[in-house]
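Have a look at the structure below, then the notes.
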Amino acid sequence: MSDSSLVLIATLLQAESPRIVLASQSATRRNLLEQAGLRVETRPARIDEAMVRESAFAEGRSAGECALLLAELKARRVLEPDCVVIGADQILECDGAWFEKPVDRAGARAQLLDLRGREHSLHCAVVVMRGGQVIWRHVARPELTMRRFSESFLDAYLDVEGDAVLSSVGAYRLEGPGIHLFERVTGEHAAILGLPMLSLLGFLRQHGVVGA
C-alpha cells in the first residue's frame with residue numbers, strides 16, 4: 001500500500017483535529033491504534049509504576065482501580081494542548097495476587113509455573129484526557145486459563161521467545177508463541193494485548209474524533 005493510500009484511509013477514518021497522543025512508548029499499543037487506521041503520536045510518560053502499585057495494593061485498592069490510576073498518571077504526564085491524550089495500563093491478577101513484568105528468564109519461568117493450570121485476569125485500563133481533564137475511563141477484564149504444560153515445553157517456549165517475554169506483564173505474547181500456553185481465553189484480543197480498542201473507538205466515535 002502506498003503512502004498516499006495510507007493518508008487517504010486516515011483522512012476517512014479520523015478527523016483532522018484533535019490530534020491523538022498516546023502517553024506511552026509501547027509499540028504494541030501504538031500498533032493497535034495505527035492498524036485501526038489512526039494517526040497517533042507517542043510521548044513518554046515516566047512514572048514510578050512499582051511504587052504506585054505497591055501503595056495501591058497496601059491501601060486495599062482493586063487491580064482495576066490501580067490500573068486506572070496508573071493510566072491517568074501517565075496521561076497527566078503529557079501536556080499537549082488541543083489534543084486527545086490516551087493513557088493505558090494493565091495489571092495481571094491471579095487469586096488476589098498481582099503480577100508484574102519479569103526482570104529475567106528465571107523470573108518469567110517462575111511466573112509461568114505459578115500461572116500454569118490456573119485462570120487469571122488482565123485488568124486493562126484506558127483513560128482519555130483533553131485540556132487537562134479526564135473525559136473518559138474504562139477497564140476491560142479478559143480472563144485467560146493456562147493449560148498444564150510440561151516444564152520441558154516451558155523451557156522450549158522460553159528458548160523461542162527469548163527476551164520478548166520480559167516485555168509482557170504475563171511473560172507471554174498471545175499474538176505470538178505464547179498462544180501455545182493457553183486452553184481458554186475470554187475477552188477482546190486487543191485488550192489482552194494492552195488496549196481495549198472496541199470501547200475506545202466507540203468513545204472516540206461519539207466525540208467526533210473518528211468517523212461514525
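Among the residues of segment 186-212 satisfying the criterion of being part of a loop (DSSP other than H, G, I, E, B) and touching a Pro at 6+ places or on another chain (Cβ under 7 Å), which is farthest from Leu122 (Cα to Cα)? Break it down stepwise before answering.
Step one: filter segment 186-212 for residues part of a loop (DSSP other than H, G, I, E, B), giving 187-188, 194-196, 207-209, 211-212.
Adding the requirement that they be touching a Pro at 6+ places or on another chain (Cβ under 7 Å) leaves 187-188, 209.
Values: Gly187: 10, Glu188: 11, Val209: 27 Å.
Here the answer is Val209.
Being among the basic types (Lys, Arg) and either farther than 11 Å from Ala171 by Cβ or part of a loop (DSSP other than H, G, I, E, B) (or both) is the filter here; which residues of segment 77-123 pass it? Give the steps one after another, and end with the answer.
Of all residues in segment 77-123, those among the basic types (Lys, Arg) come to 77, 101, 105, 109, 116, 118.
Arg77, Lys101, Arg116, Arg118, listed by residue number.
Out of Glu161, Glu143, I need the residue that is over 18 Å from Pro102 (Cα atoms) and free of Cβ contacts under 8 Å to residues at least 60 places away in the same chain. Which one? Spell out the reasoning first.
On the way: Glu161 fails: over 18 Å from Pro102 (Cα atoms).
Of Glu161, Glu143, the one residue that is over 18 Å from Pro102 (Cα atoms) and free of Cβ contacts under 8 Å to residues at least 60 places away in the same chain is Glu143.
Using the structure shown, decide if Arg130 is touching a residue at least 24 places away in the same chain (Cβ under 8 Å), farther than 29 Å from Glu72 by Cα and open to solvent by 40 Å² or more (accessible area, probe 1.4 Å). Before you say what the answer is, go through the steps one by one.
On the way: touching a residue at least 24 places away in the same chain (Cβ under 8 Å): yes; farther than 29 Å from Glu72 by Cα: no; open to solvent by 40 Å² or more (accessible area, probe 1.4 Å): yes.
Judged against the criteria, Arg130 is not a match.
If Glu188 passes every condition in (1) more than 30 Å from Leu13 (Cα to Cα); (2) among the acidic types (Asp, Glu); (3) within 12 Å of the chain's Cα centre (by Cα) but one, which one does it miss?
For Glu188, the exception is condition (1).
Report, ordered by the first and then the second residue, all pairs with beta carbons closer than 7 Å, sequence separation of six or more or different chains, a first member in segment 184-212 that is more than 16 Å from Ile20 (Cβ to Cβ) and polar (S, T, N, Q), and a second member that is open to solvent by 40 Å² or more (accessible area, probe 1.4 Å) and modelled with pLDDT of 95 or more.
Thr186/Glu143
Within segment 143-175, which residues are surrounded by 14 or more Cβ atoms within 10 Å (Cβ to Cβ), at pLDDT 95 or above and β-branched (Val, Ile, Thr)?
Result: Thr145, single match.
Could you check segment 80-95 and list, in sequence order, the residues that are exposed (fewer than 15 other Cβ atoms within 10 Å of the Cβ) and at pLDDT 95 or above? Let's see the steps before the verdict.
Kept after step one, since they are exposed (fewer than 15 other Cβ atoms within 10 Å of the Cβ), are these residues of segment 80-95: 81-82, 95.
Matches in segment 80-95: Asp95 only.
Going through segment 33-58 one residue at a time, which ones are of a type in the set (D, E, K, R) and either farther than 30 Å from Glu16 by Cα or touching a Gly at 6+ places or on another chain (Cβ under 6 Å) (or both)?
Asp48, Glu49, Arg53, Glu54
The values are calculated or read from the model by the stated rules, or taken from the named source; none is laboratory data. The structure displayed is predicted, hence computed values, not measured ones. Heads up, the Cβs are rebuilt from the backbone with ideal geometry, glycines too, and the neighbour counts pull from every protein chain shown. For the accessible areas, the whole protein counts, side chains as well, though only heavy atoms, and no ligand, DNA or RNA atoms are used. Shrake-Rupley method; radii C 1.70, N 1.55, O 1.52, S 1.80 Å.
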